[in-house]
1. At 1.4 Å probe size, with every protein chain present, just tell me what the per residue accessible area of the chain comes to in Å².
2. Within the set of other residues whose C-beta is less than 10 Å from the C-beta of D202, count the net charge using Lys and Arg as +1 and Asp and Glu as -1.
3. Ignoring any ligand, DNA or RNA, what whole percent of the accessible area of the chain comes from carbon and sulfur when the probe is 1.4 angstrom?
4. Where does each of W184, W160 land when they are ordered by accessible area, with a 1.4 Å probe and the largest first?
5. Among (i) 13.6; (ii) 15.4; (iii) 16.9, which is the computed mean projected area of the Cα convex hull in nm²?
6. Regarding the range 141-224, what are the three Cα extents along the principal axes, ordered largest first, in Å?
7. How much accessible area does E248 have with a 1.4 Å probe, in Å² rounded to the nearest 10?
8. Mind checking the full-extension length gain between A53 and Q105? Use 0.36 nm per residue of separation minus the Cα-Cα distance, one decimal, nm.
Amino acid sequence: MSEKNNIQAPTGAQALFRGLAVIDAVAQGASSLVDIGATIGCTRSTTHRLIAALVQAGYLRAIGGSAGGYQLGPRLIELGYKARAQMPLANVARPHLEALARLTQDTVHLGVREDGDVLYIEKLPSSRGLEMRSRIGLRMPLALTGIGKSLMLDLPEAQWQALYQQGLQRRAGQSGLREEFTPWDDFRALMNGYADGGFSFDLEENELGVRCVAAPVRDASGQIVAALSVASAIPYMPEARLHELRPEVIACAVAISRELGWSAS
């Protein structure tokens, strides 16, 4: 059924999915009524009704009056904190990540795989006063990040290549990245070395001037369910320090894995 022939007030599952699409569109940067409508593929009137309902429920908030746009609302902040609190992995990992952050004084991340992306579910800022673009809730292509590569370590080479290609497509035209990404043959060689060693590096592939060392977290079945990383700016993270930190990062990942029931034997 075409959009023009839909009933006046969206109801049922269709309205639910459209409402979620509006929230996702705003989360991805759409803010005006026109931009949100174009993103979700709905008419202006339907988009306006959906937005009005979401604003009333606190999932969105209007900014700048009638001529302004929309941002994510306070209800989503509340739900986000509750979702994190209900995630056993984050609760188990938190004290280990805090200890690693105190030891290194650098930014510590925890992430899980969401399709072809890494989803950051925890970030402990650097005590050095440095800031980077990563944030809780951010999704980045797996192949472009150290933490994402650790999530890929057990995958077959064919999947490495597919995720590598996805990463290349996603980074095209983005600012703040290396002009040329690691060629596939070099990337494959690096991944084989990482898989053998149980760790991975990010050598400015995700953000210029930032390097990280990462390691996978496993559950009781031995599957990789998350990964963690320590990241910092190049002055604090020369390649020699990446190698120095590698045992500490792996040890932290192993400690979390053991709490999840994993055993190396």
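1. 51
2. Summing Lys and Arg as +1 and Asp and Glu as -1 gives -1.
3. 53
4. Putting W184, W160 in descending order of accessible area: W184, W160.
5. (iii)
6. Taking max minus min along each principal axis of the Cα atoms, the range 141-224 gives 40, 25, 19 Å.
7. 90
8. Separation in residues times 0.36 nm, less the Cα-Cα distance, equals 14.3 nm.
The values are calculated or read from the model by the stated rules, or taken from the named source; none is laboratory data. Keep in mind the model is a prediction, meaning the values are calculated, not measured. Because the Cβ atoms are built from the backbone with ideal geometry, glycine has one as well, and the counts that use them run over all protein chains shown. Accessible surface areas use protein heavy atoms only, side chains included; no ligands, DNA or RNA. Shrake-Rupley method; radii C 1.70, N 1.55, O 1.52, S 1.80 Å.
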